[in-house]
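Read through the structure below, which is laid out as structure tokens, and then see the notes.
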Amino acid sequence: GESVGLHLPTLSVQEGDNSIINCAYSNSASDYFIWYKQESGKGPQFIIDIRSNMDKRQGQRVTVLLNKTVKHLSLQIAATQPGDSAVYFCAENGANSKLTFGKGITLSVRP
Amino acid sequence: DAMVIQNPRYQVTQFGKPVTLSCSQTLNHNVMYWYQQKSSQAPKLLFHYYDKDFNNEADTPDNFQSRRPNTSFCFLDIRSPGLGDAAMYLCATSRDRSGDTQYFGPGTRLTVL
């Protein structure tokens, strides 16, 4: 059968609160970053991206912040809803043009 | 809507019995990727096609092969599935390799009996 992976870290938030999901990346040469949302049994869904010449980008209810000095990426979700419950992956696109995924964080929204 | 389609969504095969998973895209993207994702883990890249150019990852077992007969379709062949190959297999596409967003299909859940 399938091998058992590590349990993902979980962030639990109250419905209506803001969520902040953090990610540390490894390659200082990475120039493009993406956040994906993956619901159970589905493929990763693109949420928002940011290039290395920016430090902030906003979408609908989501904001991505990039701190290149400390190689840190965060995803902020405003007014978190039950439908936001999922696993969130950050991904970096490095010099080899391949996506390297972070470990993933489970967001759980309490009603 | 333009999208990435994977068939079947669920596939059951027997230990050692060859299986083929398919992916199609209507995005007209140049690059198609195959990832393996096991429970509670990030997707792991197996290989990708840039147009007709096949690019294998160094740690992808020989048991995994791929074909891309045209721009729209890409297949993942597992020649002799083992129990450890049970996983979600994800297809993704991007317009180009460098700094372009990858769009994922819904995945095929493979069970090996």
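Throughout, read-outs are computed from the coordinates displayed, never taken from laboratory work. Keep in mind the model is a prediction, meaning the values are calculated, not measured. When we count neighbours, we look across all protein chains shown, and the Cβ atoms used for this are built from the backbone with ideal geometry, even at glycine.
The mean count of C-beta atoms from other chains within 10 Å of the C-beta of residues in B:32-40, rounded to a whole number, is 4. How are the C-alpha pair distances of chain A spread across 5 Å bins, as whole percents from the shortest bin up? Bins of 5 Å from zero give 2, 12, 22, 24, 19, 12, 6, 2, 0 percent of pairs.
For peptide A:45-54, how many partner chain Cβ atoms fall within 10 Å of a residue's Cβ, on average?
1
Across peptide B:41-47, the average count of Cβ atoms from other chains found within 10 Å of a residue's Cβ is 5.
Along segment B:86-102 the Karplus relation, 6.51 cos²θ - 1.76 cosθ + 1.60 evaluated at θ = phi - 60°, assigns HN-Hα couplings of 5, 5, 8, 10, 10, 9, 9, 9, 8, 5, 9, 7, 9, x, 10, 5, 9 Hz to successive residues, with x for each Gly and Pro. Extending 7 Å from the Cα toward the beta-carbon at both B:Ser72 and B:Ser39 defines two label points whose distance is 3.7 nm. Counting only DSSP beta bridges whose two residues both lie in chain B, roughly 90 percent are antiparallel.
Considering every alpha-carbon pair of segment B:3-84, the percent of pairs per 10 Å bin, from zero through the bin containing the longest distance, is 17, 50, 30, 3.
3J(HN,Hα) along segment A:82-89, derived from phi through the Karplus expression 6.51 cos²θ - 1.76 cosθ + 1.60 where θ = phi - 60°, amounts to x, x, 7, 4, 4, 9, 10, 10 Hz, with x in place of Gly and Pro. Here segment A:18-70 was treated as a single set of alpha-carbon atoms; its pair distances binned every 5 Å from 0 give 4, 16, 29, 24, 17, 7, 2, 0 percent.
Residues whose amide H lies under 5 Å from that of A:Asn18, counting only those 5 or more places away or on a different chain, are A:Ala79, A:Thr80; hydrogens are built 1.01 Å from N in the peptide plane. Remark: chain A carries a charge dipole of roughly 220 debye about the Cα centre, counting +1 on each Lys and Arg Cβ and -1 on each Asp and Glu Cβ.
Computed on the Cα atoms alone, the convex hull of the protein assembly as shown gives a volume of 126 cubic angstrom per residue.
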